[in-house]
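A.B. asks: I'd like to ask you about the structure that follows.
The values are calculated or read from the model by the stated rules, or taken from the named source; none is laboratory data. Here the structure is a predicted model, which is why all the values come from computation and not from measurement. Heads up, the Cβs are rebuilt from the backbone with ideal geometry, glycines too, and the neighbour counts pull from every protein chain shown.
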Amino acid sequence: MSETAFLDRVDFAARTGEDPNRGRAAEVFRAHGWPTRADEAWHYTDLRASLRSFDLTLPTHDAPDIGGMIPRTATPKVIFVNGRFDESLSALPHFVRRFDHRAAARADRALPLVSLNAAVANDGIQIDVSGGTDAGTLFLISGTDTPSQDMLAPFHRIAVGAGGSLTLIEVIRGAGRYMHNVVVEIALAEGAVLRHYRLQDESIDAVNVTTALVDLREGARYEAFTLNCGAKLSRYEAHVTLSGPNADVHLNAAQLLAGTQHGDITTVVAHRAPHCASRQTVKSVLAGSARGVFQGRIEVAQQAQKTDGYQMNQALLLSPDAEIDTKPELEIFADDVKCSHGATIGAIDPEQMFYLRSRGIPEADARAMLIRAFLDEALEPVTDEEARSIFEAAIDVWWQKGVL
Amino acid sequence: MPAVTETIETIDRLTDGGYKYGFETNIEMEFAPKGLSEDIVRLISAKKDEPEWLLEWRLKSYRAWLTMQEPNWARVRHPRIDYQDLYYYAAPKREAPKSLADVDPELISMYDKLGIPLNERAALAGVAVDAVFDSVSVATTFRESLAKVGVIFGSISEAVREHPELVRKYLGSVVSPGDNYFSALNSAVFSDGSFVYIPRGVRCPMELSTYFRINARNTGQFERTLIIAEEGASVSYLEGCTAPMRDENQLHAAVVELVALDEASIKYSTVQNWYPGDAQGRGGIYNFVTKRGACRGRKSKISWTQVETGSAITWKYPSCILQGEGSSGEFYSVALTNNYQQADTGTKMIHLAPNTTSTIISKGISAGHSNNTYRGLVRIMPKAHGARNFTQCDSLLIGDQCGAHTVPYIESRNQSAKVEHEATTSKIADDQLFYCRSRGLSEEDAVGLLVNGFCRDVLKELPMEFAVEAQKLLAVSLEGSVG
């Protein structure tokens, strides 16, 4: 659908009454509209085109039963149903509260989807881990099952105080046809640690665009892994800013796509302070006529001397119709740095296949084994066992669907 | 050497000696009026006595250009170019020379100063030269010995007269006039350039070379080069460029088209040393060039090698379209920017046919306040089974005021294709520098040596005479950036 149709349907006037920031954000989005390939940041993902067949509305329906989408072990947990916080299903620890979304509104000319989220966000949570405490593991689960074509726009804010730490496991599942436009803002104070694991396993008819805006102060550490295997079209966009010295980010991702799925992983790691390190390993496994996209930019500002930046992205094409487009970028203004990126694209190595087959391993198993090995490197920062088992289960389900 | 001379030379070297081709030659020139219009296009065509089809082609290009926008996606900044404030045609006044003896001695001495062998001692160098002065080809050497084996080498204006069927068949077949803003402009007003035709099965007996020189003030240079290698033919072609030092910027928008048929091979080497502007970033050439080769035939090969040290702004992406089965494309590049230079350069490798291969080796060096960007595209189309690409882009930063950027686009639509890309950015290693310094090399010499080492993979692809020149050029271009 055209953005005007959707924008007209959203009663911005009423929303502006709620909060002037929303009106401003709506204007910024309206001026830009849905991103298209003409936007360099969306060169390989035409969001406008894929929303053409959508008839987006904002959600008004009752909550469905999403019990089956929640991992059994999950506790403590924050549960969102159809984009709204569900108190009865959640088990909130003391450092989590429902977020007053009006404080979230933030327009960003360069990020139209963030502006749109700011204009219509209707729920979210705020996590505040106080300094010096280890808050353990928290589940953030989003289950969607909606009869209408809703745009769900939650906004979450996560803050970890100096020296504090948290493990956050996000599971996003759903059924039906809808669009998720999520924004997560993360602030890590001096020496704070956040392990952030995310499984996006949306409905195969859904569109998921998630923007993570992460800021790290001195000595902070952000260890992230996201696995995208759901949605007709998904885009995971992470903007990580290293604004204090000696901060460290590990930003890994993988996508498993089949059929006509389109998956886009876009990262911008901005080194703004000296002595920081960034590591990225991104893997795409593409079957059917799926199309994978990876765009990753490492920016090094002039003052960010002694930066150590590394990025690797690899794609495995499992079928003749799959396509991968990658654009790893370096933008460097400091001279005393070590930055590198690498990219490889190819099919399963026939020699490795032959090796396994000649040892009596059936073809399907051999393929599965090689693909698992391929993904392993990206899974490396997932040290949490619970998170790892969720990812491994998701990967198993993926090939049981018969994509191989 | 007497101390005084030595001192003078040292001072020369440290001041503006950096660009030794900055002199201007006094030659009577003929200009068309300033500005661009259909009339100017007609005038250029009439001056060159061109056939009707070519005039029509130029006019079509001009009209296409009018509808187009100057591209703005490259990482370069410059004031708006006033296309009406340029001369689009400038030629030495004398009649076209019949032999070298007729060439204006002033011109010969200029090319001597540049170290380009136009006269008979060229025999020793064994290189055939086509010299293009502003808009016009002034001399071509060794034409006869080339003609004996059937090689056609000369200016494109002559080719239009003498071999219209070849020109008509291939001109614009690789870079169509509407391809981009600058190629449309070039197609409308191109004045001269080189034409090379290597017949079937012939291995060109010597290196062919073109020397481009911008001399006149306020002129744009728009040359057009067309090289055709028939089945089984091979040729190595060199291109060099210089211009006088001036405060204002000058526009250079060339188009180069290469066509390689079955099993043919073309090696195209460039040492681009247009005036880069002074240390404050005043003046210099805007080098907006479209270079593309089509590997049309089976197992054909096109190899681009470039050493880019000049120009205030470089906007250049020599590309290969790999249409023939098993054809291969190569791109070896060194781009060095210093002071306020800006370079946005790279390549495109479009794999259309099965078993095509491409190699990209790019070395970028940024110093001073310059910005140096590698921008490249590797595209594997669905029919390119078994295609193979390897890309390596390394950047070196000298000083903390410059920028080095890498923007590769990699697109694969074939499962059996294999694509590898790697890029690094770093500064000159302290331990290497220390090693050289402790052996008595000055810091500047040490950096020069290490930079040459960094570029070795590319420099070794250059023909020998050029490799020596290129090494010197790198050292000269880096002057003032160290310490």
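A.B. asks: Would you check if there is a residue in the stretch A:231-240 being within 21 Å of residue A:66 (Cα to Cα) and either β-branched (Val, Ile, Thr) or surrounded by fewer than 24 Cβ atoms within 10 Å (Cβ to Cβ) (or both)?
C.D. replies: yes
A.B. asks: How many residues does the stretch B:359-370 hold that are buried (at least 22 other Cβ atoms within 10 Å of the Cβ) and either within 9 Å of another protein chain (Cβ to nearest Cβ) or assigned to a strand (DSSP E or B) (or both)?
C.D. replies: Matching residues across the stretch B:359-370 total 7.
A.B. asks: Check B:425, B:391, B:406 and return the single one that is surrounded by 24 or more Cβ atoms within 10 Å (Cβ to Cβ) and more than 7 Å from chain A (Cβ to nearest Cβ).
C.D. replies: Residue meeting the stated conditions: B:391.
A.B. asks: Same structure again: From the list B:325, B:330, pick out the single residue that is out of contact with any Ser or Thr (no Cβ under 6 Å at 6 or more places or on another chain), acidic (Asp, Glu), within 24 Å of residue B:415 (Cα to Cα) and more than 14 Å from chain A (Cβ to nearest Cβ).
C.D. replies: B:325
A.B. asks: Of the residues that make up the stretch A:346-367, is at least one free of Cβ contacts under 8 Å to residues at least 60 places away in the same chain and under 22 Å from the mean Cα position of the chain (by Cα)?
C.D. replies: Checking the stretch A:346-367: not a single residue is free of Cβ contacts under 8 Å to residues at least 60 places away in the same chain and under 22 Å from the mean Cα position of the chain (by Cα).
A.B. asks: Residues in the stretch A:288-302 that are assigned to a loop (DSSP other than H, G, I, E, B) and either at the interface with chain B (Cβ under 9 Å from one of its Cβ atoms) or buried (at least 24 other Cβ atoms within 10 Å of the Cβ) (or both): how many?
C.D. replies: The total comes to 2.
A.B. asks: Quick test of your reading of the structure: residue A:308 fulfils all but one of (1) closer than 29 Å to residue A:229 by Cβ; (2) more than 8 Å from chain B (Cβ to nearest Cβ); (3) acidic (Asp, Glu). Name the failing condition by number.
C.D. replies: (1)
A.B. asks: Out of the stretch A:372-389, which residues are of a type in the set (Val, Ile, Thr) and touching a strand residue (DSSP E or B) at 6+ places or on another chain (Cβ under 6 Å)?
C.D. replies: A:382
A.B. asks: Another question, if that's okay. Considering only the stretch B:253-345, give the strands (runs of 3 or more DSSP E) lying wholly within it that have at least 1 residues that are farther than 16 Å from residue B:356 by Cβ.
C.D. replies: B:255-260, B:265-272, B:284-295, B:301-308, B:313-316, B:328-337, B:342-345
A.B. asks: Is it true that some residue in the stretch A:81-101 is within 22 Å of the chain's Cα centre (by Cα), within 25 Å of residue A:20 (Cα to Cα) and of a type in the set (A, V, I, L, M, F, W, C)?
C.D. replies: For the stretch A:81-101, residues within 22 Å of the chain's Cα centre (by Cα), within 25 Å of residue A:20 (Cα to Cα) and of a type in the set (A, V, I, L, M, F, W, C): present.
A.B. asks: Continuing with this model, one more query. Go through (1) aliphatic (A, V, I, L, M); (2) within 12 Å of chain A (Cβ to nearest Cβ); (3) more than 21 Å from the chain's Cα centre (by Cα) and name the single condition residue B:377 misses.
C.D. replies: Answer for residue B:377: the failing condition is (3).
A.B. asks: Could you say whether any residue in the stretch B:469-483 is over 27 Å from the mean Cα position of the chain (by Cα) and not in a strand (DSSP E or B)?
C.D. replies: Yes, there is a match, as at least one residue in the stretch B:469-483 is over 27 Å from the mean Cα position of the chain (by Cα) and not in a strand (DSSP E or B).
A.B. asks: Got a sec? Which of A:61, A:32 is closer than 26 Å to residue A:199 by Cα and either over 19 Å from the mean Cα position of the chain (by Cα) or at pLDDT 80 or above (or both)?
C.D. replies: It is A:61.
A.B. asks: Kindly indicate whether any position in the stretch A:254-264 is more than 27 Å from residue A:375 (Cβ to Cβ) and either surrounded by 22 or more Cβ atoms within 10 Å (Cβ to Cβ) or touching a Gly at 6+ places or on another chain (Cβ under 7 Å) (or both).
C.D. replies: no
A.B. asks: Keeping to the stretch A:319-363, report how many residues are of a type outside the set (Ser, Thr, Tyr) and more than 7 Å from every other protein chain (Cβ to nearest Cβ).
C.D. replies: 15
A.B. asks: Do we find a residue being farther than 30 Å from residue A:77 by Cα, more than 19 Å from the chain's Cα centre (by Cα) and more than 8 Å from every other protein chain (Cβ to nearest Cβ) anywhere in the stretch A:383-403?
C.D. replies: Yes.
A.B. asks: Just the residues that are of a type in the set (Gly, Ala, Ser), touching a Phe, Trp or Tyr at 6+ places or on another chain (Cβ under 9 Å) and not in a helix (DSSP H, G or I), please, taken from the stretch A:339-376.
C.D. replies: Scanning the stretch A:339-376 gives A:340, A:342, A:343.
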